[in-house]
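What follows is calculated from the coordinates using simple rules that are stated; it is not laboratory data. This one's a predicted model, so the numbers in the text were calculated from it and none came from an experiment. No Cβ is skipped: glycine too gets one built from the backbone with ideal geometry, and neighbour counts run over all protein chains shown.
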Amino acid sequence: MSMEQSELTLTAPDGADSEQESDPIVSPTAAPDAPQAQRETQPVIVIRRTTFNYVFIAIVFLLLGVFIGWFSAFRVDRANRAWVTDAISVAMAEQADTFAGLVASNRAPSLDDPTSRFDVAATSEYYRGSAEATVEMIEFGDFNCGFCGRFQAETFNKIIETYGDQVRFVYRDYPILADTSVTAALAARCAGEQGQFWEYHDLLYANQGTFNQAGAFAQLAGQLELDVDAFNTCVEDQRYLSGVVADYNEARDLGIRGTPAFFINGRPISGAQPFDVFAGVIEEELAANIDTPDANTSS
């Protein structure tokens, strides 16, 4: 059998009607005809452009509204958080100030801190100025002290002349330099017994260095025309020794290390400072009292 005879040809039987059912011979190009017919019969959804535009715009506005709402809520939340933060900061600052105040009030006063306040008694009956003054200035001094003498010569009288009855100046004894310091303190109090304390006080500071001379204190009493015999008896009997010792003990308890030492309404000033230092504290204390008359006026 030749190669040509191996070819198989399928044909319809002779005499068969071409439209009669028979085993179909399917052509590769005939299959898609049925689906195509089916597609042509399915309905088609048509969206008009105007409707599509409306839907699109609605979606855009919806998204925009969501974003604006979120952003506004974020800003409000951020503002609220800022307000809360500020409130907390203020509260913490107030708490810190309160705590600092409590610490300061419980802290022991220091002679080196001019803002400290000591509880110092003005036990001496001898003072300059007015008993009603709102500013009380107390000096612990030693009549042998050169710095006390400098304060007396350069500052003391200026304070009295400047502030007059606005300040009550009290002198207390802290005799730490020599035995004659105690005798001088007794002599001033004995002169005070005859109404001449401040005059004798001034003479003692003006005559420092003479206290070891025989009869030095009696001689000063004679200059003031005191009853010298009564004066000498007072000094020899140490009539006011207990008062001098009381001043000494309080000065020591306050921690005073040298003279002169001052307290202006309890605020400490150490040493013979310039007038401006004392005036600054006095002015502050005067200003703190609303009932105080104007400063820098002499009586």
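Points to keep in mind about this one:
- Selection of GluC sites (Glu not before Pro), region 198-299, meeting DSSP coil and at most 10 other Cβ within 10 Å: Glu225
- Sequence of Trp198, Trp70 once ranked by neighbouring C-beta atoms within 10 Å, starting from the fewest: Trp70, Trp198
- Remark: Phe67, Phe275 ranked as Phe67, Phe275, counting other beta-carbon atoms within 10 Å and listing the fewest first.
- By the count of neighbouring beta-carbon atoms within 10 Å, fewest first, Thr50, Thr162, Thr259 end up ordered Thr50, Thr162, Thr259.
- Amide H to amide H, with H built 1.01 Å from N, Glu136 comes under 5 Å of Arg168, Asn265, counting only residues 5 or more places away or on other chains.
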